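To keep things clear, I will list the structure first and then write my remarks on it.
The values are calculated or read from the model by the stated rules, or taken from the named source; none is laboratory data. Quantities reported herein were computed from a predicted structural model and do not represent experimental measurements. Every residue, glycine among them, receives a Cβ derived from its backbone with ideal geometry; neighbour counts consider all protein chains shown. Side chains included, ligands, DNA and RNA excluded: accessible areas come from the protein's heavy atoms. Shrake-Rupley method; radii C 1.70, N 1.55, O 1.52, S 1.80 Å.
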Amino acid sequence: MEPRRYERQMMLKEIGAEGQRKLRDASVLIVGLGGLGSPAALYLTGAGIGRIGLCDPDTVSESNLHRQVLYDTSSLGIAKTEAAHRRLLDLSPEIIFNLHPEGLTQKNAREIIIGYDLVMDCSDNYATRYLIDRVCAEQGKRWVYGAVGELTGQLSLMNGAAEVRYKDLFPDEEYFTSLPKRTLAAFGPVPGTVGSLQAAEAVKAIIGIPSPLDGSLMTIDFLTLNTNLIKLK
């Protein structure tokens, strides 16, 4: 641990030296390195998470750059795991990064997820979220859910003390996974904000700070700035 790197964070009574040790000893899997995963990865790396898994099968395209802040024009055409690793290693060389360029699939999900303490869902599709939900429930792992629309966002802490699962929020898996994938308009600050909030929830969960999102869904409307906290259980 480099005390000077984390000294401003450790000044918080909620973190301190003990909290920083917990972060150093923790491992987090980030599934999806796009608009949500980019800020989440940057802030988790900056916070000093000891080991971070980078999971995404895609490559960087030009249309990503206005909102996926991990990348720049030199990253175009490169696998997102590779480009993210390069950027994050430059930010904090002492962090251990495990790359999963194959993405999360039915075949590998259990093997990948079992190696981490916490999962960050920064994906963009229902099938991956239901998969994370099932495997984390089987393995008793918490995960941080985040999703965005064009000008809206939502997030929650799943499989925590309240024992709320994604299937409780969206019980009709067959219907949602059958919906055709659509390309939606995207406003960069929306995933940037939600991904940052996901990182905050992950840090709190690791340190042991209770969260109002354990058992609740937070929604944000970026036009009106209205937020809601909806009890799920």
Notebook entry, point to check: For the stretch 203-231, how many residues are under 21 Å from residue 148 (Cβ atoms) and of a type in the set (Lys, Arg)?
Noted result: 1
Notebook entry, point to check: Based on what the data block shows, is residue 117 among the charged types (D, E, K, R) and touching a Ser or Thr at 6+ places or on another chain (Cβ under 6 Å)?
Noted result: yes
Next item on the list: Please enumerate the residues belonging to the stretch 202-213 that are outside any loop (DSSP other than H, G, I, E, B) and either among the hydrophobic types (A, V, I, L, M, F, W, C) or closer than 12 Å to residue 122 by Cβ (or both).
Entry: 202, 203, 205, 206, 207
Check: So, in the stretch 126-146, of the ones that are among the small types (Gly, Ala, Ser) and surrounded by fewer than 22 Cβ atoms within 10 Å (Cβ to Cβ), which residue ends up farthest from residue 220 (Cα to Cα)?
Finding: 140
Next item on the list: Go through the stretch 21-58 and count every residue that is open to solvent by less than 30 Å² (accessible area, probe 1.4 Å) and either under 20 Å from residue 204 (Cβ atoms) or among the hydroxyl-bearing types (Ser, Thr, Tyr) (or both).
Entry: 21
Checklist line | residue 196 vs. criteria within 21 Å of residue 30 (Cα to Cα) and either touching a Ser or Thr at 6+ places or on another chain (Cβ under 6 Å) or in a strand (DSSP E or B) (or both) | finding: no
Next item on the list: Report the residue count in the stretch 177-209 for those that are open to solvent by 20 Å² or more (accessible area, probe 1.4 Å), farther than 20 Å from residue 45 by Cβ and touching a residue at least 12 places away in the same chain (Cβ under 8 Å).
Entry: 9
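Checking the structure you have, find out if any residue of the stretch 117-125 is at pLDDT below 95 and either touching a Lys or Arg at 6+ places or on another chain (Cβ under 9 Å) or open to solvent by less than 20 Å² (accessible area, probe 1.4 Å) (or both). Give the steps one after another, and end with the answer.
Of all residues in the stretch 117-125, those at pLDDT below 95 come to 124-125.
Right, trim to either touching a Lys or Arg at 6+ places or on another chain (Cβ under 9 Å) or open to solvent by less than 20 Å² (accessible area, probe 1.4 Å) (or both) and you get 124-125.
Looking through the stretch 117-125, at least one residue is at pLDDT below 95 and either touching a Lys or Arg at 6+ places or on another chain (Cβ under 9 Å) or open to solvent by less than 20 Å² (accessible area, probe 1.4 Å) (or both).
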Next item on the list: Determine whether residue 144 is under 18 Å from residue 167 (Cα atoms) and either among the aromatic types (Phe, Trp, Tyr) or touching a Lys or Arg at 6+ places or on another chain (Cβ under 6 Å) (or both).
Entry: no
Note to self: For the condition open to solvent by 50 Å² or more (accessible area, probe 1.4 Å), part of a loop (DSSP other than H, G, I, E, B), among the charged types (D, E, K, R) and under 18 Å from residue 200 (Cα atoms), what is the one hit in 18, 14, 94?
What the structure shows: 14
Checklist line | Long-range neighbours under 8 Å by Cβ, at least six apart or interchain, first residue under 21 Å from residue 83 (Cβ atoms) and in contact (Cβ under 8 Å) with a residue 60 or more places away in the chain within the stretch 100-111, second among the small types (Gly, Ala, Ser) and assigned to a loop (DSSP other than H, G, I, E, B) | finding: 104/123
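Results for (1) small (Gly, Ala, Ser); (2) farther than 22 Å from residue 199 by Cβ; (3) over 19 Å from the mean Cα position of the chain (by Cα); (4) at pLDDT below 95, shown as yes or no for each residue.
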site	(1), (2), (3), (4)
70	no, no, no, no
75	yes, no, yes, no
91	no, no, no, no
110	no, yes, no, no
129	no, no, no, no
136	no, no, no, no
142	no, no, no, no
165	no, no, no, no
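Conditions tested, residue by residue: (1) surrounded by fewer than 18 Cβ atoms within 10 Å (Cβ to Cβ); (2) farther than 30 Å from residue 16 by Cβ; (3) among the β-branched types (Val, Ile, Thr).
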| position | (1), (2), (3) |
| --- | --- |
| 60 | no, yes, yes |
| 64 | no, yes, no |
| 67 | no, yes, no |
| 70 | no, no, no |
| 75 | no, yes, no |
| 79 | no, yes, no |
| 83 | no, yes, no |
| 89 | yes, no, no |
